[in-house]
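The values are calculated or read from the model by the stated rules, or taken from the named source; none is laboratory data. Note that this is a predicted model, so its numbers are computed, not measured. Backbone-built Cβ (ideal geometry, glycine too); neighbour counts: all protein chains shown. Surface areas here come from the heavy atoms of the whole protein model, side chains and all, with no ligands, DNA or RNA. Shrake-Rupley method; radii C 1.70, N 1.55, O 1.52, S 1.80 Å.
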Amino acid sequence: MSITAITMPKWGLTMTEGKVVAWLKPQGAPLAPGEELLEIETSKITNVMEAEADGTLVRVVAPEGATLPIGALLAVVAPEGTSAAEIDAFVAGFVVPEPAEAASDEASAPAPRDIQAAGKRLRILEMGSGGGIPVLLLHGFGADLNSWMFTQPALADGRRTIALDLPGHGGSTKDAGAGDAGALAGAVEAALSALDLERVHLVGHSMGGAVAASVAARRPDRVATLTLIATAGLGPDINAAFIDGFVSAARRRDVEAVLRFLVHDPALVSRAMVEDVLRYKRIDDVAAALETIARAWFPGGRQALDLVAAVTGLPMPVQLIWGHDDRIVPVAHAEALAGRLPVHILADSGHLPHMEKSAAVNTLIRRFIEG
């Protein structure tokens, strides 16, 4: 093994820099692939970076609190016994990519594109290639494909992955039809056909989980596995204050208050998250789409859809992943099914475990689809 650099990663389409929040391994610690190494704060949310290879963390270069550009040197990993002189020479000779190189990498990076599916314009983001069954990722109410910024790259190593903006969301058409599970599941099925995807691993979050489960129930021949993250449709309870507040919020203060419901630690709600939601809500026809979807899914502050029988009777493997401190859809919905399906409940996580505890969630999904 040679000396290798740990550099500031790029998570998501718009990340340009990150802040070192905390080192989770001390200098001198041995590392194994997949171990949590450090916490990095992005403009969206804080995420954990994992070690990619065996070795020893011989030199921590970036102190906690440092904000650095993408590609900057954070630490050095080397075989045990590597001399200090070799490490010093490596650090001294490390070159951060020039802006021109970064721009070139950015231009070659995957970018969202539109497809036509049964007459609807849908935005997708594709990453990865290779053999095996592809993964299709479906976001929750009011979100978009960027909510998979920590998940999609991890799943795209040797596998095709597609994140989809559901109708009414992100860059897709704002015509959500009836806005119910049938309408959104129909759009997903149309996307599968448009992309020539005969069979996929489906991963869905919240409302997107219920859409994924609906697709699996309607077309079990096209779904290899089903991963449901903090999913709707498994019980009547829903945080109506969040739903109503998200639909009606038009000011920064109101949007921030609503987004705080989503996470275990309200400090994770960044200014960029708030601005992204405000920009989305100012798009023509978004308000009408959200109102239509909210009425169809959550009438009277309750969930209209009951998928328990359908989910527990599916022929393909199904797993549930939930944040212990979910304030949108109660964790009790998952606990009630623990004797019938694999259920993974993550501590110190709210309604966004795939962002708050992405390393753990990514490991659970990888193991599930590879098994």
(message) Anything in the stretch 1-34 that is closer than 28 Å to residue 273 by Cα, open to solvent by less than 60 Å² (accessible area, probe 1.4 Å) and part of a loop (DSSP other than H, G, I, E, B)? List them, or say none.
(response) 8, 9, 11, 12, 13, 15, 34
(request) Identify the residue in the stretch 214-252 that is at pLDDT 95 or above, among the basic types (Lys, Arg) and not in a loop (DSSP other than H, G, I, E, B) and, among all such residues, is most open to solvent (accessible area, probe 1.4 Å). (result) 218
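Restricting attention to the stretch 188-199, which residues are open to solvent by 10 Å² or more (accessible area, probe 1.4 Å) and not polar (S, T, N, Q)?
If the condition is that a residue be open to solvent by 10 Å² or more (accessible area, probe 1.4 Å) and not polar (S, T, N, Q), then 189, 190, 194, 195, 196, 198, 199 are the ones that fit.
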(request) State all residues of the stretch 341-371 that are in a loop (DSSP other than H, G, I, E, B) and surrounded by fewer than 19 Cβ atoms within 10 Å (Cβ to Cβ); if no residue qualifies, say none. (result) 341, 342, 347, 348, 371
(request) Would you check if there is a residue in the stretch 165-172 being charged (D, E, K, R) and open to solvent by 30 Å² or more (accessible area, probe 1.4 Å)? (result) no
(message) Where the second residue is at pLDDT 90 or above and charged (D, E, K, R) and the first is closer than 12 Å to residue 77 by Cβ and lies in the stretch 29-40, which pairs have Cβ atoms under 6 Å and are six or more apart or on separate chains?
(response) 37/25
(message) Suppose the filter is over 24 Å from residue 361 (Cβ atoms), surrounded by fewer than 12 Cβ atoms within 10 Å (Cβ to Cβ), modelled with pLDDT under 90 and not aliphatic (A, V, I, L, M); does residue 106 pass it?
(response) no
(message) Could you go through the stretch 261-276 and let me know if any residue there is over 18 Å from the mean Cα position of the chain (by Cα), surrounded by 15 or more Cβ atoms within 10 Å (Cβ to Cβ) and under 20 Å from residue 330 (Cα atoms).
(response) no
(request) Identify all residues within the stretch 129-143 that are open to solvent by less than 40 Å² (accessible area, probe 1.4 Å) and either in a strand (DSSP E or B) or in contact with a helix residue (DSSP H, G or I) (Cβ under 9 Å, 6 or more places away or on another chain) (or both); write none if there are none. (result) 135, 136, 137, 138, 139, 140, 141, 142, 143
(request) Test residue 210 against the criterion of being in contact with a Ser or Thr (Cβ under 7 Å, 6 or more places away or on another chain), at pLDDT 95 or above, in a helix (DSSP H, G or I) and hydrophobic (A, V, I, L, M, F, W, C), and give yes or no. (result) yes
(request) Scan the stretch 175-189 for residues that are more than 22 Å from the chain's Cα centre (by Cα) and either closer than 14 Å to residue 142 by Cα or not in a helix (DSSP H, G or I) (or both) and jot them down. (result) 175, 176, 177, 178, 179, 180
(message) Condition first: at pLDDT 85 or above and under 26 Å from residue 350 (Cα atoms). Can you find one or more residues in the stretch 78-86 that meet it?
(response) no
